[in-house]
Amino acid sequence: MKKTAFITGATSGIGQATAIILGKNGFNIIATGRRQERLDELKKELEKNTEIHTLNFDVRNQKAVLEAIDSLPKEWNQIDVLINNAGNAHGLASIEDGDMKDWEAMIDINVKGLLYVSQPIIQKMIKQGEGHIINIGSVAGKEAYPNGNVYCASKHAVDALNSSMRMDLNKYGIKVSQVAPGLVETEFSLVRFKGDEERSQSVYEGFDALKAEDIADLILYMATRPKHVNLADVLIFPNAQASSTMVKKS
Ligand code: NDP
Ligand code: 8X3
């Protein structure tokens, strides 16, 4: 029987590439995000290959998250893989200058949003007697970097939750894994720098950054291992990157 993957933040970057690769490799897809036109485009592209159901909600709104998950038709009730991907950085400023609204957004989306989505799906997985959660963390959750303060803190929280969730859910046979990427060229920097294309582009100049498809490829590998194998935590860098702050640029 085909497995179903529930992917948050499937409207761009890593989440979108993951929906596409999983959809083309035997998974039914539940794709979520806030930009309806992107969800519609993805549905159009993927329905040639697989079954796809879309849900539009903001992960910050717990009521909306629960209603969206409750609204799933019976045939979409089984969720085999949850990919907690929705997230972003907002701003890059020294702690004394940081914008409280940016801080709240990162904590609300990257941490609280992940929890809002996870719990109702974990309840389903417990009833199913199996499931796999793949959390998208970051190198920023392994080592902080200057001006990264609250984004790094939010991803350190994902790192801690990944370990702790794995311990809590081990008794139910549910796998919990993390992918912690370095620099991936997506809309991430455009969001971080509030639409400043030049500043956003400069992040990825002078080296070959990872592509969203590289991360999606890893997620496909992780999601298709045999039942007894769990890639618990994978740090993935572009070859030019050696740490959160060391990137060899030409
Ligand atoms: P993108 O900006 O391309 O994608 C972010 C996705 O998250 C979008 O689909 C967006 O959908 C969704 N999202 C953002 N805010 C919300 C919200 N409030 N409610 C629902 N969905 C939301 O960035 P990436 O693909 O790069 O980022 C994906 C994940 O990867 C994030 O968790 C990020 O922290 C992590 N990451 C990224 C790295 C990089 O270098 N790019 C490196 C390490 C980790 P919509 O706007 O439609 O709601
Ligand atoms: C995204 C990678 O280094 O921009 O998590 O924080 S970085």
Strands (runs of 3 or more DSSP E) enclosed by segment 15-103 - at least 2 residues per element that are buried (at least 23 other Cβ atoms within 10 Å of the Cβ): 27-33, 81-84
Which one is farthest from the chain's Cα centre (by Cα), of the residues in segment 91-135 that are within 19 Å of Gln62 (Cβ to Cβ) and of a type in the set (Gly, Ala, Ser)? Ala105
Does segment 107-114 contain any residue that is at positive phi and not in a strand (DSSP E or B)? no
Tally up the residues in segment 122-159 that are away from ligand 2 (no atom under 16 Å from the Cβ) and either outside any strand (DSSP E or B) or over 27 Å from Ile69 (Cβ atoms) (or both), please. 9
Return yes or no: is Leu183 in contact with a Pro (Cβ under 9 Å, 6 or more places away or on another chain), within 12 Å of ligand 1 (Cβ to nearest atom) and either modelled with pLDDT of 95 or more or among the basic types (Lys, Arg) (or both)? yes
Quick one: in segment 160-190, which of the residues that are assigned to a helix (DSSP H, G or I) and either among the charged types (D, E, K, R) or within 11 Å of ligand 2 (Cβ to nearest atom) (or both) is farthest from Val247 (Cα to Cα)? Lys171
Going residue by residue through segment 209-222, is there one that turns out to be exposed (fewer than 15 other Cβ atoms within 10 Å of the Cβ), closer than 26 Å to Asp102 by Cα and not small (Gly, Ala, Ser)? no
Report, by residue number, each residue of segment 117-131 that is crowded, with 22+ Cβ neighbours inside 10 Å and out of contact with any Gly (no Cβ under 9 Å at 6 or more places or on another chain). Val117
Of the residues that make up segment 191-207, is at least one exposed (fewer than 14 other Cβ atoms within 10 Å of the Cβ), among the basic types (Lys, Arg) and more than 9 Å from ligand 1 (Cβ to nearest atom)? yes
If you scan segment 1-14, which residues turn out to be under 19 Å from Gly131 (Cβ atoms) and surrounded by fewer than 24 Cβ atoms within 10 Å (Cβ to Cβ)? Met1, Lys2, Lys3, Thr4
For the subset of segment 164-180 comprising residues that are among the hydroxyl-bearing types (Ser, Thr, Tyr) and over 16 Å from the mean Cα position of the chain (by Cα), which member is farthest from ligand 1 (Cβ to nearest atom)? Tyr172
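The values are calculated or read from the model by the stated rules, or taken from the named source; none is laboratory data. Keep in mind the model is a prediction, meaning the values are calculated, not measured. Note that we place each Cβ from the backbone using ideal geometry, even for glycine, and neighbour counts take in every protein chain shown.
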